[in-house]
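All remarks here apply to the structure that follows.
Coordinate-derived values only; no laboratory data. None of the values given here were measured: they were computed from a predicted structure. Cβ: placed from backbone, ideal geometry, glycine included. Neighbour counts: every protein chain shown.
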């Protein structure tokens, strides 16, 4: 009996190892990585979805943090607004920190489009295009980077955010994307008038552009965080209908 049980041990061990490997292969991951873009070192995080398969193409989101856009703000933005839904719905999230402390609309944007090309070489991204999103300074950065590199983006989501140093040329550059803008009812500064004006201009160009005032909310929007973060992803998925008011849903 002892000899028989010893004969089974390699098979049992192999079965256990295979099960462990399978469990690891389907577990969602949060990766911390770096890339060299020219002379600039870029630190970034990547969220991979549940059951990630390298051979499969996934939708992807380029995310910017708010405030100083440090890795600390990147982490908070990922955890608060993106990770859980991305893992569940099958999205890849890529979130860089501002290189050398320069915000992505004050010099940090120089890493694009090379950084995006590197990400596309690492992961299979549907249609080789990203959604781009962020809160506050991250929202401003999202508009700015998308306007400079429109060929890489499907949609812009700012909560809040508007175009940095706006011009008709910049707004025209993003007019083929879906644009989703959210601002707290009790937010201060110039968010409300500038965001509303840009949404109206984009809609006049036939763009699906949404400007939504979140009732009772301050600058930091709880209505798009945690269990409510699915609203952001509903917008990403709406882009599949098209981003022209003649082919998709009309802006509100």
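Overview of results
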item: Computed over the chain: relative contact order in percent, which uses C-alpha pairs under 8 Å that are six or more apart; result: 14
item: Which labelled figure in (1) 20.7, 68; (2) 18.0, 55; (3) 20.8, 83 is Rg and Dmax of the Cα atoms in Å, once derived from the coordinates; result: (3)
item: Among 54, 110, 220: highest mean-square fluctuation, GNM of the chain, C-alpha pairs under 10 Å; result: 54
item: Length-normalised contact order of region 149-202 in % [C-alpha pairs under 8 Å, at least 6 apart]; result: 43
item: For region 27-64 and region 117-179, distance of Cα centres in Å; result: 17
item: Label-zone membership for region 38-69, site residue 189, 7 angstrom Cα→C-beta point, backbone N under 19 Å; result: 63-69
item: Relative contact order, percent, region 66-145 [alpha-carbon distance under 8 Å, six or more residues apart]; result: 39
